[in-house]
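Peer 1: I have a structure I would like to understand better, so I am pasting it below and will then ask my questions one at a time.
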Amino acid sequence: MRIIPAIDLKGGQLVRLVQGREDSSTAYDKDPVQVALQYEAGGAGSIHVVDLDAAFRGSSSGNRRIIRDIVQAVKIPIQVGGGIRSIADIEDLIHKTGARHVILGTLAVEHPDVVAQAVTMFGDSIFVGIDARGLDVSVRGWTRAASLDALSLARSMVDIGIRRIIYTDITRDGKLEGPNFEITRLMACGSAAKITASGGISSLKDLEMLAALEVDGCDSCIVGKAIYEGRFTVEQAIKSLES
């Protein structure tokens, strides 16, 4: 089980939201680049960065400069999501910003043909993020419900070549109440994709319980607020899972 620490950017600041609501942000007085360096020093093998402004507005934002600074500061790969709506966005993030992986969410629902084109062009650099309330998928920065369920979407993405899906249960995100183990397992067993779990992780015990799902295909998890709030560090998380 790999631990992937998160950096969420809004207005150039490191923030966390509750259940993805734009008006629920808590800002942290930390330099995002320094936080990325701390994560790397703590043993993280990659970092998850989300441009929340782009996610809510549907277009690139000033946070992209910060993302580029993060990419240049660390040696580990960066995966980026939020508001990526076109092949041009993907090209910019990979070729100019330096992201190793790009996470497509709304595109997977609204324009799966563009996702298929992206897979042809960029191969395993393309991940799909499925954000849902349980199995009910949401798009456009989690502000609109989609008319399909998470498992069906995952299977359709696998059919066009996606090999990794980041599943986030919106109802748990930022609440520190534990992830949705049941649906995370369902997504792993039912989709044939590798699953990265996201949303609600609050403790080392949560990480140990997620590790039990590795046999089903959930091999990594994204952790944000639990680290920001001092529940545990990247180093402690890695050590807990190694033991």
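Peer 1: When Rg and Dmax of the Cα atoms in Å is calculated directly from the model, which label among (i) 19.9, 77; (ii) 16.1, 44; (iii) 19.9, 65 fits?
Peer 2: Recomputing Rg and Dmax of the Cα atoms in Å here picks out (ii).
Peer 1: Among DSSP bridges having both ends in the chain, what percentage is antiparallel? Round to the nearest 5.
Peer 2: Looking only at bridges with both residues in the chain, the antiparallel portion is about 25 percent.
Peer 1: Can you sort LYS194, LYS225 from fewest to most other Cβ atoms within 10 Å of each residue's own Cβ?
Peer 2: Values: LYS194 16, LYS225 22.
Ranked by crowding around the Cβ, least crowded first: LYS194, LYS225.
Peer 1: Just want to confirm a number: the relative contact order over region 2-242, from Cα pairs under 8 angstrom separated by 6+ residues, in percent. Could the numbers behind the result be given before it?
Peer 2: On the way: 522 pairs, mean separation 44.1, N = 241.
Relative contact order of region 2-242: 18 percent.
Peer 1: Test of understanding: ordering LEU9, LEU93, LEU213 by Cβ neighbours within 10 Å, fewest first, what list do you get?
Peer 2: Least crowded to most crowded, the residues run LEU213, LEU9, LEU93.
Peer 1: Of LYS30/LYS225; LYS175/LYS205; LYS30/LYS96, which sit over 20 Å apart, Cα to Cα? Please list the in-between numbers first.
Peer 2: Values: LYS30/LYS225 13 Å; LYS175/LYS205 16 Å; LYS30/LYS96 25 Å.
Long pairs (Cα-Cα over 20 Å): LYS30/LYS96.
Peer 1: Sort CYS189, CYS221 so the one with the fewest other Cβ atoms within 10 Å of its own Cβ comes first.
Peer 2: Result, fewest neighbours first: CYS189, CYS221.
Peer 1: Please report the Cα spread of region 1-105 along all three principal axes, rounded to whole Å, starting with the longest.
Peer 2: Reported extents, whole Å, longest axis first: 33, 32, 27.
Peer 1: Right, here's the next one. What 222 nm value per residue comes from the helices of the chain, counting each DSSP H run with n ≥ 4 as -39,500 (n - 2.57) and dividing by all residues, nearest 500 deg cm²/dmol?
Peer 2: Working: 11 runs with 90 residues, N = 243.
So the helix-based figure for the chain works out to -10000 deg cm²/dmol.
Readers should treat all values here as calculations from the given coordinates under stated rules, not as data from a laboratory. Predicted model only: the values in this text are computed from it and were never measured. Please note: Cβ atoms are built from the backbone with ideal geometry, for glycine as well, and neighbour counts cover all protein chains shown.
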